[in-house]
Amino acid sequence: MPGDVLVLVEQVDGKVDSITLQLLAAGRHLADHLKVNLVALASGHRLDGVGAALQSHGMDKIVLVESPALASAAGEVQARVIAEVARPMEPRFVLVGYSLTGMELTPAIATILEINALTNCVNVEIRDGAVIVTRPVFDSTMHAQVALDGNDSAVIALQKGSFKAIESSTKQATIESVSVDVAAIPARSKVLAISDEPAGDVDITKAEIVVSVGRGIGTEEKISIIAELAEALGGVLACSRPVVDVGWLPRERQVGASGRTVTPKVYLACGISGAIQHLTGMRDSHRIIAINKDPNAPIFGVAHIGVVGDLFEIVPALTRAAKEARAGRD
């Protein structure tokens, strides 16, 4: 049915990323208000488990586009495949995760389909009959609301954590397989190899407690203050991108869009303002605690507990309390 809401499934080797369930929640909200269907589209290789994993998560139909050539296809080819499959559906909205993959695909898909592209969004809703999309501006210090006129269509890239994951239901979506001749699609670029970055001396993605430091620490020598707190809490030390860029900590400790994604039980952010690139990598943490002297820092927008103050006074006090608590247990 023309005007349906289409959600792009983000998956790697058949494992569905959590952002997909969040996109489905947003998509279900839109589809219900617009009285249209919610369709999920997954493309790639070896998608056998994807349909089964998503079938009971709120959509009306799942479209699978499977080809061995998609396992290592360049972004321009993936965008062309998705757009060509989506075109006959005439979707009103295409929802994409604002991940590294989504950043590349969103403008390309929108260009091919000749519809609007809205990236780095944190909300989409229907208000007084109009579709309103919210996105941060000015380094996330303010938010802009964009109203889509009439029957305007758009590819909307939503930040991870913008919506709670959709709950499973008894309703089972239909599954449709679509064949595409990927080899026939012209490409100006080619993926030569896909390799994982070495984990280094620590894998921050597996830690239950992550204590992260940002450029608010001031100098490299002062990072030891945060490292001591991490050790006292039994956690690991991590950081935001600026700390890596100046060479104070290695890249395997970076949290964010260009670093690693972490979901610890506790994420403690020290001197981190909270740029969207960083929030993308940690906003799914179970408990977020932020320490920053700027009460308007964007990090407080996602923190469960926010402490406004001097980290050089607060962090040593926390370290002492953690050590005393540990000593009491020993």
**Complete:** In region 146-160, anything over 14 Å from residue 24 (Cβ atoms) and either in contact with a Cys (Cβ under 7 Å, 6 or more places away or on another chain) or not acidic (Asp, Glu) (or both) is listed as 146, 147, 148, 150, 151, 153, 154, 155, 157, 159
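Step by step: first the residues of region 255-267, then only those that are assigned to a strand (DSSP E or B) and surrounded by fewer than 24 Cβ atoms within 10 Å (Cβ to Cβ), then the one that is modelled with the highest pLDDT. Which residue is that?
266
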**Message:** Looking at 44, 58, can you tell me which residue is under 24 Å from residue 110 (Cβ atoms), crowded, with 21+ Cβ neighbours inside 10 Å, in contact with a strand residue (DSSP E or B) (Cβ under 9 Å, 6 or more places away or on another chain) and touching a residue at least 24 places away in the same chain (Cβ under 8 Å)?
**Reply:** 44
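Looking only at region 268-280, how many residues end up being within 15 Å of residue 311 (Cβ to Cβ) and either hydrophobic (A, V, I, L, M, F, W, C) or surrounded by 24 or more Cβ atoms within 10 Å (Cβ to Cβ) (or both)? Outline the logic, then answer.
Step one: of region 268-280, the residues within 15 Å of residue 311 (Cβ to Cβ) are 268-274.
The next check asks that each one be either hydrophobic (A, V, I, L, M, F, W, C) or surrounded by 24 or more Cβ atoms within 10 Å (Cβ to Cβ) (or both); those that pass are 268-272, 274.
Matching residues across region 268-280 total 6.
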**Request:** Confirm whether residue 223 is more than 30 Å from residue 317 (Cβ to Cβ), at pLDDT 85 or above and over 21 Å from the mean Cα position of the chain (by Cα).
**Result:** no
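Here is a yes/no grid of residues against (1) among the charged types (D, E, K, R); (2) under 19 Å from the mean Cα position of the chain (by Cα); (3) assigned to a helix (DSSP H, G or I):
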residue: 283; (1), (2), (3): yes, yes, no
residue: 299; (1), (2), (3): no, yes, yes
residue: 303; (1), (2), (3): no, yes, no
residue: 307; (1), (2), (3): no, no, no
residue: 312; (1), (2), (3): no, no, yes
residue: 318; (1), (2), (3): no, no, yes
residue: 321; (1), (2), (3): no, no, yes
residue: 325; (1), (2), (3): no, no, yes
**Asked** Which is modelled with pLDDT of 95 or more, within 30 Å of residue 285 (Cα to Cα) and either of a type in the set (D, E, K, R) or in a helix (DSSP H, G or I) (or both), of 24, 41?
**Response** 24
**Request:** Return the total of residues in region 128-151 being at pLDDT 90 or above and charged (D, E, K, R).
**Result:** 1
**Prompt:** Got at least one residue in region 86-99 being aliphatic (A, V, I, L, M), surrounded by fewer than 21 Cβ atoms within 10 Å (Cβ to Cβ) and under 24 Å from residue 188 (Cα atoms)?
**Reply:** no
**Complete:** With criteria (1) more than 25 Å from the chain's Cα centre (by Cα); (2) modelled with pLDDT of 90 or more, residue 330 comes up short on (2)
**Complete:** If you go through 133, 65, 124, the only one that is without any contact (Cβ under 8 Å) to a residue 60 or more places away in the chain and open to solvent by less than 10 Å² (accessible area, probe 1.4 Å) is 133
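The values are calculated or read from the model by the stated rules, or taken from the named source; none is laboratory data. Since this is a predicted model, take the numbers as computed values, not measurements. Don't worry about glycine lacking a Cβ; one is built from the backbone with ideal geometry, like all the others, and counts go over all protein chains shown. The protein model used for the area step is the full one, side chains on, heavy atoms only, and it has no ligands, DNA or RNA in it. Shrake-Rupley method; radii C 1.70, N 1.55, O 1.52, S 1.80 Å.
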